[in-house]
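Below: the structure, in structure tokens.
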Amino acid sequence: MKSALEIRPEISYKSPGKFEETRFEKIHNEIFKNSAEASIIVAQEIAQLIKSKQAKNKPCVLGLATGSSPIKVYEELVRMHKEEDLSFSNVITFNLDEYYPMTKENNQSYFHFMHQHLFNHIDINPENVNIPDGTVAFENLNQYCIDYEMKIKEAGGLDFQLLGIGRTGHVGFNEPGSHINSGTRIITLDHITRVDASSDFNGIDGVPKRAITMGVSTILRSKRIVLMAWGQNKADIIKRTIQGEISSEVPATFLQNHSNASFILDQSAASELTRYKTPWLVGECVWTQELKSKAIVWLCQKTNQAILKLTDRDYNNNGMSDLLASGGSAYDLNINMFNVLQHTITGWPGGKPNTDDSHRPERANPAKKRVILFSPHPDDDVISMGGTFSKLIKQGHDVHVVYQTSGNIAVTDDEALKFAEVCNDFIGEEKSNINFQVAIDFLNNKKENEVDSLEVRKLKGLIRRRESYAAVRYIGLKDENTHFLDLPFYETGQVKKNPIGQEDIDIVAAIIEKIKPHQIFAAGDLADPHGTHEVCLNAIFAALKKLKPKAFMDECWLWLYRGAWHEWDLHEIDMAVPLSPDEVTIKRHAILYHQSQKDRVMFQGNDSREFWVRAEDRNKNTAKLYDDLGLAEYEAIEAFKRFDY
């Protein structure tokens, strides 16, 4: 078997990276720094397979997947076709699944997805493209599924099967309870699967309840299987799949029986694996400061003890004897770790003036800093760091909030219609740059999956803009320090966004150069459902790279916050900003100004709590974790990680 790393080893991520057999893991897996690097490697493997088949004058039969996981693979395959003359003339494809019922013309169909991301851009013979048909009459489905299986067999079987994985452990749409001998069939979708898809359908009510899927046995007959998983949301199911027992409750565990299957993961998706989360339980470690911090925090949580109460026996009994030996004694390790965590805590996120800053997370000088708070959507600022935002203003810093996108797709049609009718009644059409009656007519007659008109998108963006002004005014920010970039990549009117472009990067760079900040706060939470946070962060990284030669950049520090989806682990935190009960209340009220995002949230994700509840629970939990470790007790804490760009 030739692994992906052997194909393109020069960009592999090898810390903890290259796969080692452990007593915990039952499926070969490789961990990469990010999904972009990993996707290139997977695409290279597919390309080599296609070429090797071409050299033998044989067809290459690929099983393909949909969803967010394979998108970058398809992008790379398209690039290789256009720039490196990779031909797909000998390729036959079979897709895993399709919603039922579902027309090919529907924007949410997998037929549409595959043509949008791959087939429309390569030289594949359309007759060689096979995607389950979501329009087959129900009474004919059984025979249709049998015929789909036979067509795969007649093509010679699947040479390569590309997979993603759902939070239920489904591969294809083989939901929990699927049998190892199952073939292509219609299946009822699990509620969790439908919740995860709900944002694509503007709510769970629009998600089909059934789908046609290849069966587990169909997948297992593939000669080669590569399953990809990205992001923190997949970490738990990846651990259960790779380290758990084979069970129909987690259908992906059936891949443990396959002799040529690999899981390709980014660091976040691999974060719960034993060799990644607690490598000291697997073998010898190089004890970096970060790993020491991670291990000691874990030991405290496992033994339910504060840091300063850990004993030599605690270290020895939990696989950390070599750390103990290198550290001299539990006392020395404990006091050093206590000091590391203690030094992350500060009530002065912009630095405390006229104070020794050698053990503080931020510089004392300059005493009054210029600060940019980048917010991907028009509410991430107050949801993620509303308390710190308020402190920075009160402590006299020149704070600017910069909203990178309009956030218009997150406003429901009903909310937009309400505002349009009020505005139309109040001012009339002739006094506005938005024709409200046109917007009202569009919304009242909007068809399923129809993209919002420009008027409606303007309206929805304006709703979010005015909510943002209200929220930041409440915590004391001047209007002239509030900026809206409306980055072009976002303005498609659809959930799917355009790739980041040079125009996006230039716009971000321009606002940084204009303000010349000493501090930048940006969203490092990459677990949002549609990747907008990641694109916005990449735009910031690209802008900082462009501006790096500028003199003012020598004094600019970058701090990353996490959003509504996931918090930094304790060992990752470089600055912990405590909030008082009053500051928690201020943050809550600021979030509640975003009324369009309060009750009927378009992109709720897999957490049913409202955003303000999530934020408070997360901040209070972080404070409790510090308290449990024996540090000072606070009402809540907002956490940040410094990033060296």
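The values are calculated or read from the model by the stated rules, or taken from the named source; none is laboratory data. On a predicted model such as this, the values are computed, not experimentally measured, just so you know. Cβ sites come from the backbone with ideal geometry, for glycine too, and all protein chains shown count toward neighbours. We work out accessible area using only protein heavy atoms, side chains counted, and drop any ligands, DNA or RNA first. Shrake-Rupley method; radii C 1.70, N 1.55, O 1.52, S 1.80 Å.
Multiplying the sequence separation of Phe426 and Asp506 by 0.36 nm and subtracting their Cα-Cα distance, what value in nm do you get?
Numbers: separation 80, 0.36 × 80 = 28.80 nm, distance 3.86 nm.
Full extension from Phe426 to Asp506 adds 24.9 nm.
I need to check one value: relative contact order of the stretch 443-571, counting alpha carbon pairs closer than 8 Å and at least 6 residues apart, in percent. Present the calculation step by step, with values, prior to reporting the outcome.
Values: 103 pairs, mean separation 28.1, N = 129.
Value for the stretch 443-571: 22 percent.
Quick one: accessible area per residue over the stretch 119-206, 1.4 Å probe, rounded to a whole number of Å²? Could you put the intermediate results ahead of the total?
On the way: 4060 Å² over 88 residues.
I get 46 Å² per residue for this part.
In nanometres, what is the gap between the two model label sites at Ser329 and Lys153, each 7 Å from Cα along Cα-to-Cβ?
Between Ser329 and Lys153, the label points sit 7.3 nm apart.
Got a sec? Which residues in the stretch 528-560 would a label at Lys82 touch, if it sits 7 Å along Cα→Cβ and we count backbone N under 14 Å?
In the stretch 528-560, the label zone of Lys82 (backbone N under 14 Å from the point 7 Å along Cα→Cβ) covers no residue.
For Asn336 and Asn316 in the same chain, what is the full-extension length gain: residue separation times 0.36 nm, less their Cα-Cα distance, in nm? Working shown, then result.
Numbers: separation 20, 0.36 × 20 = 7.20 nm, distance 1.83 nm.
Result: 5.4 nm gained on full extension.
Let me know the Rg and Dmax you get for the stretch 86-230 when you use only its Cα atoms, in Å.
Both quantities, over Cα of the stretch 86-230: 14.9, 42 Å.
I need to check one value: relative contact order of the chain, counting alpha carbon pairs closer than 8 Å and at least 6 residues apart, in percent. Don't skip to the answer; put the middle values down first.
Working: 1146 pairs, mean separation 74.5, N = 645.
After rounding, I find 12 percent.
Determine the gain in length on full extension of the stretch Gln301-Asn57; use 0.36 nm per residue of separation and subtract their C-alpha separation, reporting nm with one decimal. Show your work: numbers first, answer last.
Values: separation 244, 0.36 × 244 = 87.84 nm, distance 5.88 nm.
Full-extension gain reported as 82.0 nm.
What residues have an amide H closer than 5 Å to that of Ile637, excluding those fewer than 5 places away on the same chain, when H is modeled at 1.01 Å from N in the peptide plane?
HN-HN under 5 Å from Ile637: Leu579, Lys620, Thr622, Ala623.
Just order 45-51, 79-85, 163-169, 175-181 by mean Cβ neighbour count inside 10 Å, highest at the front, would you?
On the way: 45-51: 19.6, 79-85: 12.3, 163-169: 22.3, 175-181: 16.0.
Top to bottom by mean Cβ count within 10 Å: 163-169, 45-51, 175-181, 79-85.
Considering only the chain, what is the antiparallel percent among its DSSP beta bridges, to the nearest 5?
If I count the DSSP bridges inside the chain, around 30 percent turn out antiparallel.
Just add up the charged neighbours of Ser580: K/R +1, D/E -1, any other residue whose Cβ is under 11 Å from the Cβ of Ser580. Write down the numbers at each step before the final one.
Working: positive: Lys391, Lys587; negative: Asp582, Glu583, Glu635.
Net of charged neighbours comes to -1.
Distance cut-off 31 Å, Cα to Cα: go down the list Lys104/Lys277; Lys234/Lys302; Lys369/Lys545; Lys352/Lys598; Lys72/Lys546; Lys277/Lys516 and report the pairs above it.
On the way: Lys104/Lys277 43 Å; Lys234/Lys302 23 Å; Lys369/Lys545 21 Å; Lys352/Lys598 35 Å; Lys72/Lys546 24 Å; Lys277/Lys516 38 Å.
The pairs that break the limit, which is 31 Å between Cα atoms, are Lys104/Lys277; Lys352/Lys598; Lys277/Lys516.
For a quick protection proxy, order the peptides 434-447, 106-119 by their average other-Cβ count within 10 Å, most packed first.
Values: 434-447: 16.1, 106-119: 19.5.
Packing proxy ranking, top to bottom: 106-119, 434-447.
Taking the inverse of the average 1/r across all pairs of different Cα atoms in the chain, what Kirkwood radius in Å do you get?
Values: mean 1/r = 0.0374 Å⁻¹.
Its Kirkwood hydrodynamic radius stands at 26.8 Å.
Just to confirm, what accessible area per residue do you get for the stretch 455-582 at 1.4 Å probe, in whole Å²?
It amounts to 39 Å² per residue over the stretch 455-582.
HN-Hα J couplings of the stretch 535-548 from phi, Karplus 6.51/-1.76/1.60, θ = phi - 60°, integer Hz, Gly and Pro as x?
5, 5, 5, 5, 5, 5, 4, 5, 5, 5, 4, 5, 8, 3
Long-range amide H contacts for Tyr100: which residues qualify at under 5 Å (H placed 1.01 Å from N, peptide plane, sequence gap of 5 or more or a different chain)?
Arg210, Ala211, Ile212
Let me check against my output: what whole-number percent is the relative contact order of the stretch 166-258, with C-alpha pairs under 8 Å and at least 6 apart? Walk me through the numbers on the way to the answer.
Working: 140 pairs, mean separation 37.4, N = 93.
For the stretch 166-258, the relative contact order is 40 percent.
How much of the accessible area of the chain, in percent, comes from carbon and sulfur atoms when a 1.4 Å probe is used? Please report the intermediate quantities before stating the final value.
Numbers: 13320 of 27630 Å².
C and S fraction of accessible area: 48 percent.
Highest first, please rank the peptides 536-545, 127-136 by the mean number of other Cβ atoms sitting within 10 Å of their residues. Walk me through the intermediate numbers first.
Details: 536-545: 20.4, 127-136: 18.3.
The densest-packed peptide leads the list: 536-545, 127-136.
Give the calculated FRET efficiency between Arg363 and His589 to the nearest 0.05, with a Förster radius of 30 Å applied to their Cβ-Cβ distance. Walk me through the numbers on the way to the answer.
Numbers: r = 31 Å, r/R0 = 1.03.
The formula returns an efficiency of 0.45 here.
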